[in-house]
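Take a look at the structure below.
The values are calculated or read from the model by the stated rules, or taken from the named source; none is laboratory data. Remember, it's a predicted structure, so these values are computed and weren't measured experimentally. As a convention, Cβ positions derive from the backbone with ideal geometry for all residues, glycine included, and neighbour counts pool all protein chains shown.
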Amino acid sequence: MFEELKKRLRGSIAPVITPFNEDESIDFETMSNLINWQIESGSHAISVTGTSGEPSSLTVKERELVMENAIKTINGRVPFAPGTGSVNHQEAVYLTKFAQELGADAAMVIVPYYNKPSQHALYKHFKAIADAVDIPIIVYNIPGRTGVNLEVKTLARLVEDCPNIIGAKESNKDFEHVNRVLLNCGRDFLLFSGIELLCYPMLTIGGAGSISATANVTPGLVAEMHNAWAAGNIERALELHYELMPLNDILFKDTNPAPVKAALGMMGKIKPVLRKPMDLPTQALQDEIREVLKQYVELPDQLASR
């Protein structure tokens, strides 16, 4: 089931940020520009309203509008897998159904945050969402931000019982855990890394790719690492893994997507605005980001020395 999509939904899925205007309204034109830049740079698929997209700062209507803008801009050029999860179960069901009706290729559904459900409760939450739609589901496990880890046995049970749960984004630093995901869910299960320093190692154990915030800043390099691996050029893939490490490190010295938005602002790609309670990094960290960023991209003259 979904075999054709499983072949296409691989490599670098770019989790595009949600750009805002100075008044914190959504800047849809800039979002379209970012998506076009991602595709032109080689990103293999697009996601929106995941962690990098500040979904908890968006209303349900705004999330719908962001998804609509994204799928219109993508226009079938690459697969589209928006984030549709929520701490509110009914919202997650509604948004996943909306993504299906919109024509998304898959939906990425995060483990509910803040309320820390038990494993039994998580099973019921995800099964109800999967049963409500026909669209393929990518489960998003990020225990550092949700407060609970989706255990391998729970995920394996979901995969067995829900044919449309075809993959997982694992933002879990426990590499033993992610190895056991493929052991228990099957080698054809689509495993994506959400931890930047594990994007390359995940490929070596049979992972399908990554959904990395760093792709917002250097989409070409992140995509190239996956292309090199797929082509059997292991040396180049490993070289890019280490080349990207300083950028990965600096982009996570504050909570994502604050450093990413600061970097994109320095590149002249967006107005660097986040919605409260998020904010840009301190000026000292922004200065650090700028110095590291200069190693990867050429900054506009007026922004290079601020």
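So, LYS173, is that one out of contact with any Gly (no Cβ under 7 Å at 6 or more places or on another chain), basic (Lys, Arg) and surrounded by 15 or more Cβ atoms within 10 Å (Cβ to Cβ) or not? Taking the combined requirement at face value, the residue does not satisfy it.
Scanning the range 73-82 for residues that are touching a residue at least 40 places away in the same chain (Cβ under 8 Å) and in a helix (DSSP H, G or I) gives a single hit, THR73.
Here GLU224 meets each of (1) over 19 Å from ILE13 (Cβ atoms); (2) touching a residue at least 40 places away in the same chain (Cβ under 8 Å); (3) among the charged types (D, E, K, R) with one exception, condition (1).
Check whether at least one residue in the range 88-101 is charged (D, E, K, R), within 18 Å of the chain's Cα centre (by Cα) and surrounded by fewer than 21 Cβ atoms within 10 Å (Cβ to Cβ), and report yes or no. Scanning the range 88-101, I find no residue that is charged (D, E, K, R), within 18 Å of the chain's Cα centre (by Cα) and surrounded by fewer than 21 Cβ atoms within 10 Å (Cβ to Cβ), so the answer is no.
Restricting the range 186-226 to residues that are of a type in the set (Val, Ile, Thr) and under 17 Å from PRO79 (Cβ atoms), the residue that is surrounded by the most Cβ atoms within 10 Å (Cβ to Cβ) is VAL222. Just one of (1) out of contact with any Leu (no Cβ under 7 Å at 6 or more places or on another chain); (2) in a helix (DSSP H, G or I) fails for GLU68. It is (1).
Annotation for the range 112-131: at least one member residue is among the hydroxyl-bearing types (Ser, Thr, Tyr) and within 22 Å of SER210 (Cα to Cα).
Pairs are defined by a Cβ separation below 6 Å, a sequence spacing of at least 6 or placement on different chains, a first member in the range 10-24 that is part of a loop (DSSP other than H, G, I, E, B), and a second member that is at pLDDT below 95 and hydrophobic (A, V, I, L, M, F, W, C); no pair meets this definition. Among the candidates PRO281, PRO257, PRO300, the residue that is surrounded by fewer than 13 Cβ atoms within 10 Å (Cβ to Cβ) and touching a residue at least 24 places away in the same chain (Cβ under 8 Å) is uniquely PRO300.
Scanning the range 221-267 for residues that are among the β-branched types (Val, Ile, Thr) and either in a helix (DSSP H, G or I) or under 18 Å from GLU298 (Cβ atoms) (or both) turns up VAL222, ILE234, ILE250, VAL260. Among the residues of this structure, GLY85 counts as one that is surrounded by 24 or more Cβ atoms within 10 Å (Cβ to Cβ) and assigned to a loop (DSSP other than H, G, I, E, B).
Considering only the range 29-48, I want to know if a residue exists there that is under 15 Å from GLN100 (Cα atoms) and either without any contact (Cβ under 8 Å) to a residue 24 or more places away in the chain or crowded, with 20+ Cβ neighbours inside 10 Å (or both). There is at least one residue in the range 29-48 that is under 15 Å from GLN100 (Cα atoms) and either without any contact (Cβ under 8 Å) to a residue 24 or more places away in the chain or crowded, with 20+ Cβ neighbours inside 10 Å (or both).
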